[in-house]
Amino acid sequence: MVLKRALNYINNKGARAAVKRGLSKAVPKLLIEFPALNALPSELMIEPTSVCNLRCPLCSNKSLKRKHGRMSLEKFKTVLDKAGPQVKKVVIGLTGEPLLNKEVWKMIKEARSRGIFVEMPSNFVLLDNFEMKEVIDADLNRLIVSLDGASEKTYKKYRVGGDFKRVVKNVKALCKAKENAGTKNPEVVIQFLVMKHNKHEIKAIEKLARGMHADVLSLKNTMLWTSLTKSKREELAEKWLPEEEQYRILDKELKEVRGSPKVCPAVFDYCSVLWNGDLCLCCNDFEGEYLVGNIIKQDFAEIFRSKKYNALRKAALEKTLPLCRECEISNGTFGGKSIRLKGDSDEKN
Ligand code: SF4
Ligand code: SF4
């Protein structure tokens, strides 16, 4: 027991912090060499469905080769049971639109009842399918709404199949319902991916976000799908990425690296669970190319400390996997700017 607590202390307070800061490559190497030292992760990313109602041009969802599907509430509970009580944060979403799973609010409620901080990204077009009371009752901590335009024309250029007016209406309705219920949750974050066609609306989106009573505006650099060929990445960068350095993902292939390379945080700090319980390498592995096991069918700790997982961790750290080579997360080029519009964050971890 004492040993276990001591190991947890080393892992959680020391090793993980070192990994996060990218200060030491020795710690991840040690965790790969001695898997027993590797404490189970405190964060999960869970995909309630791989299906999406939109067709955003830079997203791999529309060409996904793996089978599409939805996770049931029962399976979601099994995932939380198997992952263990050390899980303190769950992101509900990977690829796909979470609101296309009718049980998503019950899933959130379940995770919240276990004291877990829950965050959910959504294109937020489909809120009309749910009762507002259900949304407020679920007590979601943070909702990240994709709204990459302050006008219908700009929004529709990227969020193909979306409905600008409906997203704005839904955000307003949710913020009003929060106010009526006297609750802070969910913290509403408007996420604006900065691209060539929408950069002129940055001031306008801030005004719109304030007008809707959102809590945060997140201006994010737009990531290019890491597994694309060099020529495809260049073509997409030319078409979609802004020229301005502060909004552009500068990648090695394009010979414009900004930021310093970091130790990949994904392979130690959190696990990504696909709708069928398969564990993939990280949130960039949408296709599930690098599966390490199935959390519903197998023991989670065994998967987490398995030779297969560790071999992939090693390859990720050495950037020998095609998926990792141009990864903005580990290149240190992923980022953006958050503007708090009101209130404080409740996130502790
Ligand atoms: S809404 Fe999200 S998952 Fe759906 S196509 Fe757009 S980026 Fe992909
Ligand atoms: S793509 Fe590779 S380097 Fe990037 S987050 Fe995933 S595992 Fe880490």
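Values quoted throughout were computed directly from the atomic coordinates according to the rules given, and no laboratory measurement underlies them. Computed from a predicted structure; not experimentally measured. So basically every Cβ, Gly included, is an ideal-geometry build from the backbone, and we count neighbours across all protein chains shown.
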Along each of the three principal axes of the Cα atoms of region 107-219, give the extent in whole Å, ordering the values from largest to smallest. 42, 25, 22
Most positive-pole-ward Cα, Asn170, Met132, Met195, against dipole of region 101-203 from beta carbon charges: Met195
Subtract the Cα-Cα distance of Lys102 and Lys29 from 0.36 nm times their separation in residues, and report this length gain in nm to one decimal. 22.1 nm
Would you mind ranking Cys280, Cys52 so that the residue whose beta carbon has the fewest other beta carbons within 10 Å leads the list? Cys52, Cys280
Taking neighbour counts of Cβ atoms within 10 Å as a proxy for exposure, in what order, fewest first, do Met132, Met71 appear? Met132, Met71
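How much space per residue, in cubic angstrom, does the convex hull of the C-alpha atoms of region 292-332 take up? Don't jump to the answer; show the numbers that get you there.
Working: hull volume 3.3 nm³, N = 41.
Each residue corresponds to 81 Å³ of Cα convex hull volume.
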Hey, how many Å between the Cα centroid of region 128-186 and the Cα centroid of region 58-79? 22 Å
Placed amide H near Gly93: partners under 5 Å, 5+ positions off or other chain: Ile46, Glu47
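Quick one: of Lys133/Lys203; Lys153/Lys239; Lys65/Lys109; Lys239/Lys337, which pairs are farther than 24 Å apart, Cα to Cα? Walk me through the intermediate numbers first.
Numbers: Lys133/Lys203 33 Å; Lys153/Lys239 17 Å; Lys65/Lys109 31 Å; Lys239/Lys337 22 Å.
Listed pairs above 24 Å: Lys133/Lys203; Lys65/Lys109.
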Which of the peptides 217-223, 94-100 is most tightly packed, and how do the rest follow, going by the mean number of other Cβ atoms within 10 Å of each residue? 94-100, 217-223
